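Provided herewith is a single structure, encoded as structure tokens, for subsequent inquiry.
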């Protein structure tokens, strides 16, 4: 599980909790072992560096967080590590805007993938096939939508790594039976006015991701 500064902590915690209950071995990987500050103000300490990470992992995972995501999309060292590790990983996976980083590394060309609803279209600039589904599985690529979709993604991944019975046991252990107080988690439920306000509040952050996606698309030969 790749970690990086300015990631969204919940993107990491949901899937890692599912995997830990399923008794998977987890490493948090970054350039150094310096703690990475998250959006929640809680640091996550890497347990392994890029140079220490084996390339034949079962799962390569990238969480989201648009500010940190954009930085990763523009970072040759991060992209080189992902491109190399992703060639050998059994599953190449992400939650939220982590898929943008995978796409920038050239790992999603020709694959269906999802991301946070506000930036899903950017995947096409890098050769991926955008989807608004909450969890998308295309061959050995698996992605979850924005933030809370990490639990759905985590359970789907556990079912693939172990079996459905194990995934159901993890779901029960977590008491994951969502009953949200509002139905505003996607634009269709939130309505056009609220959706427009949220998009407006994200303009500055998303602009950087758009530029990074276009630059990656040109580098990957998707855009001219």
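Would you check if residue 207 is surrounded by 13 or more Cβ atoms within 10 Å (Cβ to Cβ) and not in a loop (DSSP other than H, G, I, E, B)? Break it down stepwise before answering.
Values: surrounded by 13 or more Cβ atoms within 10 Å (Cβ to Cβ): no; not in a loop (DSSP other than H, G, I, E, B): yes.
So residue 207 does not fit the description; no.
Another question, if that's okay. Provide a single number: the residues in segment 25-43 that are out of contact with any helix residue (DSSP H, G or I) (no Cβ under 7 Å at 6 or more places or on another chain) and either touching a residue at least 40 places away in the same chain (Cβ under 8 Å) or in a helix (DSSP H, G or I) (or both).
Just the residues of segment 25-43 that are out of contact with any helix residue (DSSP H, G or I) (no Cβ under 7 Å at 6 or more places or on another chain), to begin with: 25, 27-28, 30, 32-37, 41, 43.
Filter once more, so that each one left must be either touching a residue at least 40 places away in the same chain (Cβ under 8 Å) or in a helix (DSSP H, G or I) (or both): none.
Residues that pass the stated criteria total 0.
Mind checking which pairs have a first residue in segment 177-189 that is at positive phi and a second that is modelled with pLDDT of 95 or more, Cβ under 6 Å, 6 or more apart or different chains?
Short answer, once both residue conditions are applied: none.
Now a separate question. Confirm whether residue 4 is surrounded by fewer than 21 Cβ atoms within 10 Å (Cβ to Cβ), under 21 Å from residue 151 (Cα atoms) and in contact (Cβ under 8 Å) with a residue 60 or more places away in the chain. Walk me through it before giving the result.
On the way: surrounded by fewer than 21 Cβ atoms within 10 Å (Cβ to Cβ): no; under 21 Å from residue 151 (Cα atoms): yes; in contact (Cβ under 8 Å) with a residue 60 or more places away in the chain: yes.
So residue 4 fails the test.
Could you look through segment 88-121, keep only residues that are touching a strand residue (DSSP E or B) at 6+ places or on another chain (Cβ under 8 Å) and part of a helix (DSSP H, G or I), and pick out the one that is surrounded by the most Cβ atoms within 10 Å (Cβ to Cβ)? If you could, list the steps in order and put the result at the bottom.
Step one: filter segment 88-121 for residues touching a strand residue (DSSP E or B) at 6+ places or on another chain (Cβ under 8 Å), giving 89-96, 98-99, 101-103, 107-108, 110-115, 120-121.
Add one more test, that the residue is part of a helix (DSSP H, G or I), and what stays is 98-99, 101-103.
Working: 98: 30, 99: 36, 101: 28, 102: 31, 103: 30.
Residue satisfying both the conditions and the ranking: 99.
The values are calculated or read from the model by the stated rules, or taken from the named source; none is laboratory data. Every value quoted in this text rests on a predicted model; they were computed, and no experiment measured them. All Cβ positions, even for glycine, are placed from backbone atoms using ideal geometry, and neighbour counts span all protein chains on display.
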